Structures are given as C-alpha cells and as structure tokens.
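Take a look at the structure set out below.
The values are calculated or read from the model by the stated rules, or taken from the named source; none is laboratory data. Fair warning: this is a prediction, and the values are worked out from it, not measured in the lab. Because the Cβ atoms are built from the backbone with ideal geometry, glycine has one as well, and the counts that use them run over all protein chains shown. Ligands, DNA and RNA are stripped out before the accessible areas are found, and what is left, the full protein with its side chains, is counted by its heavy atoms. Shrake-Rupley method; radii C 1.70, N 1.55, O 1.52, S 1.80 Å.
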Amino acid sequence: MTDASSPLRGSRATISGVRVTSGNALECPQTRDDAGRLHAVSYLSPAEPIGGRVTVSGIYAVTTRCVGLVLAVEREVPHDP
C-alpha cells in the first residue's frame, strides 16, 4: 500500500482487477490489477465478491474508513462472471 504522504494523493485513477480481500476494521478492501499490484480501495460495494472482476475509478485520498492512502471509489463497474 501507499504512504499517506505519497505524491499519488489527490490524483485520479482507474483500476481494473480482481477483488482479493473484503477489508477489516483497519484496512480497506484490496483489488489486484492486471499487472499484479495491490490497491486498497475505499467505498467498494460489498456486493462485489472476492475473486470478482471490477473496474473502479476515483481519487487517491486518506479516508476515515481505512489506514493510509487509498483509492476513494467514485465509480464502480462490475464485470460479468
């Protein structure tokens, strides 16, 4: 995951990948992009199952829901199974 002081903070991104975790009380859910990198994402729909493919767009930010810098999802597009 990326440090909160990262130059990514405030930048926009779109990530396509597979949901690999559901998150917990400290960490946001994570997706793994097609290059194999993990991304913490905030506000990912709980309807998206582990292993489900999704594309999310948003802005890198520090949120009150998770530790550290995460992609705060503004748009989520699930892929058909």
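Structure notes:
- Filter result (open to solvent by 20 Å² or more (accessible area, probe 1.4 Å) and either in a loop (DSSP other than H, G, I, E, B) or of a type outside the set (Ser, Thr, Tyr) (or both)) within the stretch 49-62: PRO49, ILE50, GLY51, ARG53, ILE59, ALA61, VAL62
- Selection within the stretch 45-62 - of a type outside the set (Phe, Trp, Tyr) and touching a Leu at 6+ places or on another chain (Cβ under 9 Å): VAL54, VAL56, SER57, GLY58, ILE59, ALA61, VAL62
- For the stretch 63-81, filtered to residues that are of a type outside the set (A, V, I, L, M), part of a strand (DSSP E or B) and closer than 18 Å to SER11 by Cα, the residue that is least open to solvent (accessible area, probe 1.4 Å) is GLU76.
- Subset of the stretch 22-62 (residues that are among the charged types (D, E, K, R) and either farther than 19 Å from LEU8 by Cα or in contact (Cβ under 8 Å) with a residue 12 or more places away in the chain (or both)): GLU27, ARG32, ASP33, ASP34, GLU48, ARG53
- Scope the stretch 9-42; condition touching a Ser or Thr at 6+ places or on another chain (Cβ under 8 Å), part of a loop (DSSP other than H, G, I, E, B), surrounded by 14 or more Cβ atoms within 10 Å (Cβ to Cβ) and not hydrophobic (A, V, I, L, M, F, W, C); matching residues: GLU27, PRO29
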